[in-house]
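Below is one structure; the comments refer to it alone.
The values are calculated or read from the model by the stated rules, or taken from the named source; none is laboratory data. What you see is a predicted model, and the numbers here were worked out from it, not measured in a lab. Methodologically, a virtual Cβ is constructed for each residue, glycine included, from the backbone with ideal geometry; neighbour enumeration extends over all protein chains shown.
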2 protein chains.
Amino acid sequence: MGHRRFEVTTLGTGAALPARGRYPTSQLVNVNGSLYLIDCGEGTQQRLRSVGANFMRIGHVFISHLHGDHYLGLMGLISSMHLMGRTIELHVHGPADLKPIIDLQLRSSQTYLRYPLEFHALEPVSGRSAWTDDRVEVSLLALRHRLPCTGFVFTEKRTQRLLRKEKLYLIPQFMRDRVKHGEDLELPDGTVHPNRDLTTDPPEPRRYAYCSDTAYAPELIDHIRGVDLLYHEATFTERLARRAKETMHSTASQAAMLAHDADVGQLLLGHFSSRYKNTDELLAEASAIFSRTSVSEDGHTYPVIARSIL
Amino acid sequence: MGHRRFEVTTLGTGAALPARGRYPTSQLVNVNGSLYLIDCGEGTQQRLRSVGANFMRIGHVFISHLHGDHYLGLMGLISSMHLMGRTIELHVHGPADLKPIIDLQLRSSQTYLRYPLEFHALEPVSGRSAWTDDRVEVSLLALRHRLPCTGFVFTEKRTQRLLRKEKLYLIPQFMRDRVKHGEDLELPDGTVHPNRDLTTDPPEPRRYAYCSDTAYAPELIDHIRGVDLLYHEATFTERLARRAKETMHSTASQAAMLAHDADVGQLLLGHFSSRYKNTDELLAEASAIFSRTSVSEDGHTYPVIARSIL
């Protein structure tokens, strides 16, 4: 299937120290037209403009943790939404400590938002559901980092059952929605067609998992098993495994081991240390362990492709 | 003279809402090699990189007020200086409310800076001296804005007296510094040469004034009279004079009136509303009142040229 849009645009793929051409972390997740932002490093609003995203349509922002490269662009985004006349609610999901940071800055600038900002405090508990709407369910991952840090799993909502083309002639137009929802078809003359004769199963919901920032965390495997796309940080190569451990980041190999052990569809690496002029070494290291690996580039969009058709 | 460097790089010349090609406000002032930053909108650290500035050499940051487009880049800059191993002190001058904003964010990210950050609370009182070192004196301007807002006048330190070339042969090498400092020359044989015969007056110290954000504020005239370069905000044209008044910003005409009445050397306009696709109308409006006007562009550098040689 996959005709429903589900894609991730990596707005920034750098680590804490910005490097030329790599911005700090932010991702735009588009699920069938609904926009969700994950992390919001400094300059994210400019990055959103540069990829042509209408950021007034972003309904939710998920902040993984309070290191500056993951949230310092949030106040600017909140402020620009206000100046552009937003009236619809914005949901911000993040560590409890983020709320006083937002409130203090709104107060100090005497900004009275014209739209409701609903804050949801996140505790990093793997498997806990954080948000559900008609497009998606977002659940959490407890990452291993120097600060409390949360990963996210986006699962698209299961679609309605698919009508068998060859049986369409049997189903009156006004009954189709009910059949798609799984009801049997009872015709005026009393004939009953069981739903299973008229429909096929919809595709499995696709899943996208976001793991940044984190040390190697094999306890995540059960929670990300079989996801279609895994974004995992790969700040360093194995040559700097010790530095990775100290700073609680991952190497490209560790990201790939996790992808392999969780049997994911594809692995997308990111959060590259500014010391790497290009990503060849990081990609080579991960690909040796897990072949369906790619490296994220700033401003590129990656579709979440059903693992079953890869 | 003017062989000593004194120049202003406008890193961002946009207003609150970023527009393509115009970043929020920040300026780098270079006085004979010492770097001072005025305001620090979101993305300033990237802008500093893009103009090739070594921002570890910035010793002072002056924040005019707490609207986001003037300070939201500060935490990122402070954090990057830390990550890059800075050890020398950074002075931050700004509204008292800025300090808790910095402290809260450092605390929430568990960042313990490796360099001393000295905070200086500013009260906007025109004429008050805020900082003096061997290159420059910085004094304040009370601007008119919706929040307490401070402008800045940078006055370069007066140089030593200039030795008259035709008298150089008279002055032994080891006496030259003392003569430059104004002493008379007494030779071993008892001859005395009065200082005025050996030297000429150094050039008048140049002055640069920064006025953003502010409504038209004629009470500033006495404090900026005769400055060599005046940067003044010109958010709107006269067509939007009412909007300027409501939001406590200036029109290009008002900036030019102030420049005219204060008899400044040159006027540099900035802080343009994102509604202006180009600055032609703003420049035309101001130039009709004050001819020595130019419009600032992002990333351009403007030397402070002594008014006397214009």
Of the residues A:Gly33, A:Gly21, only one is farther than 30 Å from A:Ser273 by Cα and assigned by TED's automatic domain parsing to the domain that holds A:Ser250; which? A:Gly33
Restricting the stretch B:96-120 to residues that are out of contact with any helix residue (DSSP H, G or I) (no Cβ under 8 Å at 6 or more places or on another chain), within 11 Å of another protein chain (Cβ to nearest Cβ) and of a type outside the set (A, V, I, L, M), the one farthest from B:Leu141 (Cα to Cα) turns out to be B:Gln110
Of the numbered conditions (1) among the aliphatic types (A, V, I, L, M); (2) part of a loop (DSSP other than H, G, I, E, B); (3) over 28 Å from B:Arg107 (Cβ atoms), B:Ile88 fails exactly one; give the number of that condition. (3)
Can you tell me which residue within the stretch B:263-295, out of those that are in contact with a strand residue (DSSP E or B) (Cβ under 7 Å, 6 or more places away or on another chain) and aliphatic (A, V, I, L, M), is surrounded by the fewest Cβ atoms within 10 Å (Cβ to Cβ)? B:Leu283
Would you pick out the residues in the stretch B:95-134 that are surrounded by 15 or more Cβ atoms within 10 Å (Cβ to Cβ), in contact with a Pro (Cβ under 8 Å, 6 or more places away or on another chain) and touching a residue at least 24 places away in the same chain (Cβ under 8 Å)? B:Pro95, B:Leu122, B:Pro124
Checking A:Leu77 against (1) within 14 Å of another protein chain (Cβ to nearest Cβ); (2) at positive phi, which test does it fail? (2)
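Within the stretch A:260-267, identify whether any single residue is without any contact (Cβ under 8 Å) to a residue 60 or more places away in the chain and either on the phi > 0 side of the Ramachandran plot or not assigned by TED's automatic domain parsing to the domain that holds A:Thr293 (or both), and answer yes or no.
Yes.
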Tell me which of these B:Asp201 doesn't satisfy, since it passes every other one: (1) touching a Ser or Thr at 6+ places or on another chain (Cβ under 8 Å); (2) in contact (Cβ under 8 Å) with a residue 40 or more places away in the chain. (1)
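Residue check: is B:Glu42 within 14 Å of chain A (Cβ to nearest Cβ), out of contact with any His (no Cβ under 9 Å at 6 or more places or on another chain) and either at pLDDT 95 or above or crowded, with 22+ Cβ neighbours inside 10 Å (or both)? Talk me through it step by step, then tell me what you get.
Details: within 14 Å of chain A (Cβ to nearest Cβ): yes; out of contact with any His (no Cβ under 9 Å at 6 or more places or on another chain): yes; either at pLDDT 95 or above or crowded, with 22+ Cβ neighbours inside 10 Å (or both): yes.
Criteria met by B:Glu42.
Of the residues that make up the stretch B:240-252, is at least one under 23 Å from B:Val31 (Cα atoms) and in contact with a strand residue (DSSP E or B) (Cβ under 8 Å, 6 or more places away or on another chain)?
From the stretch B:240-252, those under 23 Å from B:Val31 (Cα atoms) are none; that's our starting set.
Checked against the condition, which is being under 23 Å from B:Val31 (Cα atoms) and in contact with a strand residue (DSSP E or B) (Cβ under 8 Å, 6 or more places away or on another chain), the stretch B:240-252 yields no hits at all.
In the stretch A:6-24, which residues are away from every other protein chain (no Cβ under 14 Å) and either under 16 Å from A:His65 (Cβ atoms) or in a loop (DSSP other than H, G, I, E, B) (or both)? Give the derivation first.
Taking the stretch A:6-24 first, the residues away from every other protein chain (no Cβ under 14 Å) are A:6-10, A:13.
Once the filter is applied, which keeps residues that are away from every other protein chain (no Cβ under 14 Å) and either under 16 Å from A:His65 (Cβ atoms) or in a loop (DSSP other than H, G, I, E, B) (or both), the stretch A:6-24 yields only A:Thr13.
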From the options B:Leu66, B:Leu77, residue that is part of a helix (DSSP H, G or I) and within 23 Å of A:Ser80 (Cβ to Cβ): B:Leu77
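Within the stretch B:127-147, identify whether any single residue is closer than 25 Å to B:Cys211 by Cα, more than 17 Å from the chain's Cα centre (by Cα), within 14 Å of chain A (Cβ to nearest Cβ) and not aliphatic (A, V, I, L, M), and answer yes or no.
Residues of the stretch B:127-147 closer than 25 Å to B:Cys211 by Cα: B:127-147.
Next cut, more than 17 Å from the chain's Cα centre (by Cα) only: B:144-147.
Next, from what is left, pick out any that are within 14 Å of chain A (Cβ to nearest Cβ): B:145-147.
Still in the list and also not aliphatic (A, V, I, L, M): B:145-146.
There is at least one residue in the stretch B:127-147 that is closer than 25 Å to B:Cys211 by Cα, more than 17 Å from the chain's Cα centre (by Cα), within 14 Å of chain A (Cβ to nearest Cβ) and not aliphatic (A, V, I, L, M).
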With (1) assigned to a loop (DSSP other than H, G, I, E, B); (2) crowded, with 18+ Cβ neighbours inside 10 Å; (3) out of contact with any helix residue (DSSP H, G or I) (no Cβ under 6 Å at 6 or more places or on another chain) as the list, and A:Val61 as the residue in question, which single condition is left unmet? (1)
Could you tell me which numbered condition A:Glu42 fails, if it satisfies all but one of (1) closer than 25 Å to A:Pro148 by Cα; (2) charged (D, E, K, R); (3) not in a loop (DSSP other than H, G, I, E, B)? (3)
So which residues in the stretch A:81-95 are at the interface with chain B (Cβ under 9 Å from one of its Cβ atoms) and in contact with a Leu (Cβ under 6 Å, 6 or more places away or on another chain), if there are any at all? A:Leu83, A:Pro95
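Which of the residues that make up the stretch B:47-63 are more than 18 Å from A:Ser79 (Cβ to Cβ) and within 12 Å of chain A (Cβ to nearest Cβ)?
Initial filter on the stretch B:47-63 (more than 18 Å from A:Ser79 (Cβ to Cβ)): B:47-62.
Residues satisfying the conditions are B:Arg47, B:Leu48, B:Arg49, B:Ser50, B:Gly52, B:Phe55.
I'd like to check something: does the stretch A:238-245 contain any residue that is hydrophobic (A, V, I, L, M, F, W, C) and under 22 Å from A:Ala306 (Cα atoms)? Reasoning before the result, please.
Looking only at the stretch A:238-245, we keep the residues that are hydrophobic (A, V, I, L, M, F, W, C), and these are A:240-241, A:244.
This time we only want the ones that are under 22 Å from A:Ala306 (Cα atoms), so: none.
No, that holds for no residue.
Table: residues versus (1) of a type outside the set (S, T, N, Q); (2) surrounded by fewer than 20 Cβ atoms within 10 Å (Cβ to Cβ); (3) out of contact with any His (no Cβ under 9 Å at 6 or more places or on another chain).
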| residue | (1), (2), (3) |
| --- | --- |
| B:Pro148 | yes, yes, no |
| B:Leu163 | yes, yes, yes |
| B:Glu166 | yes, yes, yes |
| B:Ile171 | yes, yes, no |
| B:Phe174 | yes, yes, yes |
| B:Glu183 | yes, yes, yes |
| B:His193 | yes, yes, yes |
| B:Thr199 | no, no, yes |
| B:Val227 | yes, no, yes |
